[in-house]
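The values are calculated or read from the model by the stated rules, or taken from the named source; none is laboratory data. Please read these numbers as outputs of a predicted model, since none were measured by experiment. Neighbour counts are summed over all protein chains in view; Cβ atoms, including those assigned to glycine, are modelled from backbone coordinates with ideal geometry. Remember, those area values only see protein heavy atoms, side chains included, never the ligands or the DNA or RNA. Shrake-Rupley method; radii C 1.70, N 1.55, O 1.52, S 1.80 Å.
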Amino acid sequence: MERLWEVLDRPVGRRPAVAARVTPYVYAVLLVTLGVVCRLTLEPLLGDRVVFLFFVPALLIAAATGGLAPGLTATALSVGAGLMLLSRYRTVVGNEIDGVVFTCLGVVIAVGGQRLRAAQSHAAEMSRHVLDRQAHLASILDTVPDAMVVTDEEGFVQSFSPVAETLFQWSKAEVVGQNFLILMTPSDREALESDMERRAAAGEGRTIGIRRILTGQRKDGSTFPLDLFVGVTNSNGHRFFTGFVRDLTERHTAEARLQELQAELLHVSRLSAMGEMASSLAHELNQPLSAISNYLRGGRRLLETENRDSRALPAIEKAADQALRAGDIIRHMRNFIAGGESDRGETSLNGLLEEASELGLVGAHERGIDTRFDLSPAVDAVEVDRVQVQQVVLNLLRNAIEAMKDSPRRELSVTTSAAGDMAMVSVSDTGHGISPEVADKLFQPFVSTKSGQGMGVGLSICRGIIEAHGGRIWTEPNPPGGTIFRFTLPRATREADVAAQRKEVA
């Protein structure tokens, strides 16, 4: 019996079709039987009166749950049961009017139940259709890549899509009922409020159909650029505004990267033009430098022939040597720009550094700079292009002197040491140091530390020379203050190293 009631109590949509059709008839039989039992129970009080009233619930329930056929069935069963009860009192003839009225009432209830069932079926179908459309629309809106925010006419949020929750880091429960301006930065809030007040005063309504670039604010206070497009809908005489929000962070990042690439391309173009110009200058300057060297040597011979003051002779000789050296530098630069081979060979690193310092440290003593050299004989032999490496050292020395121009402490040191199978040269100063913003791109073309006075190509050329030798160049902060430039060079054969070590021991 309990199993039967469980089956009968299931919703119609979940029961088998046969059970759904049989259930109203079962209700009719059970309720008519229940009416007979109740009438017999109250028979001592009622006598032969009020017989058909006990079967009205059977009519109503059977007609409401099954429609016309179950309602007529319940009517027929009720009339039969009523006549059976009346036959006990032998008063059937006197109650024929009650029977006719009850029969008519049963037919009317059955027809009404049929119409009610049809109306319920239509309403259920419409409800399912509406729910399906709502579910379909919700699935579409949930998959839209843009965040969606729906507000009423006062600007209070009515709907907040999952994409909007992810974008703004607010949950739907936290935002619904709040003013949408909490999603904007304070400056944009003021601008939007002023715009809405102006449009309301002019009778234009809100900003509809206009795309605006604004700045959104997440729950944690972080901001991001966004593209906002607002549309309007009317429902039951009320207007609702739907805002579609697109995050522009990736677009702005891509635009910034494109601008950086364009700037880098411009730098490369300028560097190429500079290389062509340097090549031309190298060709043109070789002749006057050779002439200067010849004139100086001719003047030296004249002084020696005429027995003039010999104090000028060393200066003239050095000037001639530097003119020749300048010619070698230009020739090497021209070969380097043209991609030619450099003149590499085994040379003394310590001698190379001493020669470069004679020119690089000119004027250092007058500026109050204390210079110190700590050159290790163990790494003296290197396999390099002497002139090119001297250019690197010269550039680093001049940069160090320039960095200590306004420093109260002015100490410059040049040291050499072993770094595996490489020789490492360190040039340290106690100047103003290098800012972190510049340090990451210090060796890139057109990046200078001289406050607009340098072209920013010296260190880039130094890096090219060192890397062409198989070494590397980098910077480190100097603990007392300032910067340490370090670069490595390939050491010569192990036999030369052993000889240098023996010489140091001796």
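What the table shows:
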quantity: Leading residue by the ranking (modelled with the lowest pLDDT) among those in the range 87-107 that are under 19 Å from residue 29 (Cα atoms) and among the hydrophobic types (A, V, I, L, M, F, W, C); calculated: 102
quantity: Tally, over the range 144-183, of residues that are over 18 Å from the mean Cα position of the chain (by Cα) and assigned to a strand (DSSP E or B); calculated: 10
quantity: Condition met for residue 39 (basic (Lys, Arg), surrounded by fewer than 18 Cβ atoms within 10 Å (Cβ to Cβ) and over 18 Å from residue 121 (Cβ atoms)); calculated: no
quantity: Residue that is nearest to residue 214 (Cα to Cα) [pool: residues in the range 150-186 that are of a type in the set (Asp, Glu) and surrounded by 14 or more Cβ atoms within 10 Å (Cβ to Cβ)]; calculated: 165
quantity: Any hit, the range 395-409, residues being closer than 30 Å to residue 492 by Cβ and surrounded by fewer than 20 Cβ atoms within 10 Å (Cβ to Cβ); calculated: yes
quantity: Residue list for the range 455-471, filter: open to solvent by 30 Å² or more (accessible area, probe 1.4 Å) and either under 32 Å from the mean Cα position of the chain (by Cα) or modelled with pLDDT under 85 (or both); calculated: 455, 461
quantity: Filtered residues of the range 385-420 (kept if in contact with a helix residue (DSSP H, G or I) (Cβ under 9 Å, 6 or more places away or on another chain) and over 21 Å from residue 358 (Cβ atoms)); calculated: 417, 418, 419
quantity: Residue match in the range 124-139 (condition: at pLDDT 85 or above, of a type in the set (A, V, I, L, M, F, W, C) and open to solvent by 70 Å² or more (accessible area, probe 1.4 Å)); calculated: yes
quantity: Selected residue (criterion: nearest to residue 416 (Cα to Cα)) from residues of the range 341-356 that are outside any helix (DSSP H, G or I) and open to solvent by 90 Å² or more (accessible area, probe 1.4 Å); calculated: 346
quantity: Candidate set from the range 357-394 (those that are β-branched (Val, Ile, Thr), more than 20 Å from residue 474 (Cα to Cα) and outside any helix (DSSP H, G or I)); member that is most open to solvent (accessible area, probe 1.4 Å); calculated: 362
